[in-house]
Amino acid sequence: MGWEEIKAEVLSRIRARDWAPGATIPGEEALAQEFGVSRATVNRALTELARAGVLERKRKAGTRVAALPVRRATFEIPVIRAEVQGRGQVYAVRLLREEISRPPLAVAAVLGWPILGGEALGAMLYLETLHLADGAPFAHEARWLNPGLLPDPRPDFATVSANEWLVAHVPFSTGDIAFSAEALAPETARAMGLAPGTPVFVTERCTWGEAAPVTWVRLTHGPGYRLKTVI
């Protein structure tokens, strides 16, 4: 049974009012057992329905049938390598920093990471990555990642970016995203080879799984970057 069939079945139950508007539907694990598939397959089906506005997915609150279904803009987490290659350029990745440490309080609070005494309780994996297009900086990535989601040994993020690895291997149930135009900070400016204060396009994104936070990431793109989505 594929995710498309699960999506169709969920829609059928919603239309038949087995799951009424505003009702909480069973979790991913329960549906995976019912349909005899993996949680990742169920996650894909529910994520597609959430993108269509049929379902509402919130961290810790579960998945509900939307009371007032609406059309929404669709945003897929882009694989930066594919973005660069789609422009006809040669992609490369450079890992600038990798360490296990406590995340800043602001990041921990946004992710719902445990906090005790005004400090994050427990460490996360911090990665600073520079994505290149034809040898020139394309995007700077600063990321805090839940280490409990990584296999042992963990991936070599010097050869495959965390962006690409997570999209391929770690499903998420919900997320928040924010876009902003900012003046480039000095530290990031040095990494990107640009002048401090240069106008840049910034994306900040948080994603969560059913039971735990996945990642917080801040992507900085230089002048001329263009984001495209669909409605």
What residue, among those in the range 3-46 that are over 23 Å from the mean Cα position of the chain (by Cα) and small (Gly, Ala, Ser), is nearest to residue 66 (Cα to Cα)? 22
Is one or more of the residues making up the range 75-91 closer than 28 Å to residue 187 by Cβ and part of a strand (DSSP E or B)? yes
Which residue is nearest to residue 161 (Cα to Cα), if the candidates are limited to the range 100-131 and must be touching a Phe, Trp or Tyr at 6+ places or on another chain (Cβ under 9 Å), of a type in the set (Val, Ile, Thr) and surrounded by 14 or more Cβ atoms within 10 Å (Cβ to Cβ)? 129
Per the list (1) modelled with pLDDT of 95 or more; (2) surrounded by 13 or more Cβ atoms within 10 Å (Cβ to Cβ), residue check on residue 134 breaks on (2)
Qualifying position, being in a strand (DSSP E or B), out of contact with any Leu (no Cβ under 8 Å at 6 or more places or on another chain) and surrounded by 12 or more Cβ atoms within 10 Å (Cβ to Cβ), among 56, 29: 56
Of the residues 64, 97, which single one is touching an Asp or Glu at 6+ places or on another chain (Cβ under 6 Å), over 16 Å from residue 205 (Cβ atoms) and exposed (fewer than 13 other Cβ atoms within 10 Å of the Cβ)? 97
Can you confirm whether residue 186 is under 24 Å from residue 134 (Cα atoms), loosely packed, with under 12 Cβ neighbours inside 10 Å and assigned by TED's automatic domain parsing to the domain that holds residue 128? yes
Looking only at the range 174-193, filter to residues that are of a type in the set (A, V, I, L, M, F, W, C) and assigned to a loop (DSSP other than H, G, I, E, B); which one of those is nearest to residue 97 (Cα to Cα)? 185
Just wondering, is there one or more residues in the range 112-133 that are closer than 16 Å to residue 207 by Cα, in contact (Cβ under 8 Å) with a residue 12 or more places away in the chain, out of contact with any helix residue (DSSP H, G or I) (no Cβ under 7 Å at 6 or more places or on another chain) and not in a strand (DSSP E or B)? yes
Condition check: part of a strand (DSSP E or B) and either in the same structural domain as residue 159 (by TED's automatic domain parsing) or not hydroxyl-bearing (Ser, Thr, Tyr) (or both). Does residue 48 satisfy that? no
Identify all residues within the range 153-173 that are without any contact (Cβ under 8 Å) to a residue 24 or more places away in the chain, farther than 12 Å from residue 98 by Cβ and not in a helix (DSSP H, G or I); write none if there are none. 153
Mind checking which residues of the range 205-231 are in a strand (DSSP E or B), of a type in the set (D, E, K, R) and over 12 Å from residue 77 (Cβ atoms)? 218
Can you tell which of 98, 141 is part of a strand (DSSP E or B), in contact with a strand residue (DSSP E or B) (Cβ under 9 Å, 6 or more places away or on another chain) and under 21 Å from residue 175 (Cα atoms)? 141
Hey, residue 14 under 24 Å from residue 207 (Cβ atoms), among the β-branched types (Val, Ile, Thr) and free of Cβ contacts under 8 Å to residues at least 60 places away in the same chain or not: no
Scan the range 191-199 and tell me whether some residue there is without any contact (Cβ under 8 Å) to a residue 60 or more places away in the chain, within 24 Å of residue 121 (Cα to Cα) and surrounded by fewer than 19 Cβ atoms within 10 Å (Cβ to Cβ). no
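The values are calculated or read from the model by the stated rules, or taken from the named source; none is laboratory data. Please read these numbers as outputs of a predicted model, since none were measured by experiment. Using ideal geometry, Cβ is built from the backbone for each residue, glycine included, and neighbour counts are taken over all protein chains shown.
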